[in-house]
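FYI, it's all coordinate maths here, none of it is from the lab. Keep in mind the model is a prediction, meaning the values are calculated, not measured. Backbone-built Cβ (ideal geometry, glycine too); neighbour counts: all protein chains shown.
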Amino acid sequence: MKKDMVEKGAILQRDRETYGIAPHIPGGITDTATLRKICDVADKYNLTLKLTSAQRIALFGVREEDIDRIWQEIDEKPGAAIGLCVRSIKICPGTTQCKRAVQDSVSLGLKIDTRYHALPLPNKVKMGVSGCMLSCAEVSVKDIGIMGTTKGWKIFVGGNAGPRPRLADPLVEVPADDDAVLAVVEKIIGWYRNCGREVRIGAIVEEMGIEKFRSVVLGETEAA
């Protein structure tokens, strides 16, 4: 029986015969040359394209025998659409484009994506970076959410939009400094990677309570 091929970034589809793949497009930001290349491959192999909610372009209808050849022709990394790892970082347009943004979510989000995209972890981790409190990157339902304010960044943890939805808890506020945000994210990821649990971050926050989670993860106390 065919199944998902995590090592090739290929997800078995409803027909149980063909696969879907999604090249990595950091923050959904790309150029026309990349788009043309993806379209040319889709035409060549008669594939269907879909813009996904994770700011990727998925290709559907991939036959098993064509997977390696298609990845070679696309010449892009898989978009971590499957597996226990950090998924693509969802990023709003921020001050690069949006008139409502108050912080540069694109610059920060791409730094986070470069550091963590596809990093293996005990469970999947979704992150979002929004340049204002309208939260177009849906930070309140991400495992780690980062929201821009006029004073800096609010960092949230434990969100989940899955079958057991959970709103993220506010963890900490930091100044408008990318390094300050990255330091907090590194503490969360580092702690989670070594915590010995295989559940989503939200389940741990719910069990510990946000006050204890904050104290443990941000280094104020040791875990009990």
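Points worth noting:
- If you plug the beta carbon distance of Asp43 and Val6 into 1/(1 + (r/R0)^6) with R0 = 35 Å, you get a FRET efficiency near 0.80.
- Hypothetical label at Ile210: residues of the range 127-159 whose amide nitrogen lies under 15 Å (7 Å Cα-Cβ projection): 139-147, 154-159
- Per-residue Cβ neighbour counts within 10 Å put Arg193, Arg16 in the sequence Arg16, Arg193, beginning with the fewest.
- Value of relative contact order over the range 131-199, rounded to a whole percent, pairs C-alpha under 8 Å and six or more apart: 23 percent
- Relative contact order (percent, whole number), the range 90-217, Cα cutoff 8 Å, 6+ residue spacing: 20 percent
- Here is how the number arises for the chain: DSSP H runs of 4 or more residues each give -39500 (n - 2.57), the sum is divided by the residue count, and the result at 222 nm is -9000 deg cm²/dmol.
- Listing Glu198, Glu76 from fewest to most neighbouring C-beta atoms within 10 Å gives Glu198, Glu76.
- Candidate cross-link partners of Lys154 among the aspartates and glutamates, defined by an alpha-carbon separation under 17 Å and a same-chain spacing of 8 or more, comprise Asp104, Glu138, Asp143, Asp169, Glu173, Asp177, Asp178, Asp179, Glu186, Glu211.
- Per-residue extension of 0.36 nm, minus the Cα-Cα distance of Arg115 and Lys99, leaves a gain of 3.0 nm for this segment.
- Residue with peak Gaussian network fluctuation, the chain [Cα springs, cutoff 10 Å], from Ala80, Ala54, Ala42: Ala42
- Rounded to the nearest 0.05, the FRET efficiency derived from the C-beta distance between Glu64 and Thr149 at R0 = 45 Å is 0.40.
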